[in-house]
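Right, one structure below, let's go through it.
The values are calculated or read from the model by the stated rules, or taken from the named source; none is laboratory data. Only a predicted model underlies this, so the values are computations on that prediction, with no experimental measurement involved. Cβ placement follows ideal geometry from the backbone for every residue including glycine, while neighbour counts extend to all protein chains displayed. Quick note on the areas: whole protein, heavy atoms, side chains included, nothing else; ligands and nucleic acids left out. Shrake-Rupley method; radii C 1.70, N 1.55, O 1.52, S 1.80 Å.
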Amino acid sequence: GIGVSQDWREAVRWYRRSAESGHPAAEYELGLCYSNGDGLKQDLKKAALFYQRAANKGHREAQCDLGICFISGQGIRKD
């Protein structure tokens with residue numbers, strides 16, 4: 001972290017709080033945490049879910065990562 005010790009669990013807590021308020025960047029970041037297993041147990045289905053939420057709000061990186069999920073079948077039915 002910048003100015004604080006790196007703490008993935010604390011980061012996830014704040015991402016989740018913001019994502020629950022509908023913030024697309026937080027939804028995307030939470031999806032990344034689920035995808036990589038940073039600060040919580042890896043869960044590719046939840047990663048895809050949060051990418052989808054952010055993508056639906058126009059978040060470009062989430063749209064790209066969601067496309068990768070569809071191509072690879074990671075966390076979502078391959079299409």
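Restricting to the stretch 9-57, name every residue that is of a type in the set (F, W, Y) and surrounded by 15 or more Cβ atoms within 10 Å (Cβ to Cβ). Of everything in the stretch 9-57, those that are of a type in the set (F, W, Y) and surrounded by 15 or more Cβ atoms within 10 Å (Cβ to Cβ) turn out to be Y15, Y28, Y34, F50, Y51.
Only residues that are hydroxyl-bearing (S, T, Y) and in contact with a His (Cβ under 6 Å, 6 or more places away or on another chain): list them for the stretch 1-36, please. Scanning the stretch 1-36 gives a single hit, Y28. For the stretch 60-78, filtered to residues that are touching a Lys or Arg at 6+ places or on another chain (Cβ under 8 Å) and either free of Cβ contacts under 8 Å to residues at least 12 places away in the same chain or farther than 14 Å from S35 by Cα (or both), the residue that is most open to solvent (accessible area, probe 1.4 Å) is I71. The set of residues in the stretch 1-49 that are under 13 Å from the mean Cα position of the chain (by Cα) and either in contact (Cβ under 8 Å) with a residue 60 or more places away in the chain or not in a helix (DSSP H, G or I) (or both) comprises G22, H23, G37, D38, G39, L40, K41, Q42, D43.
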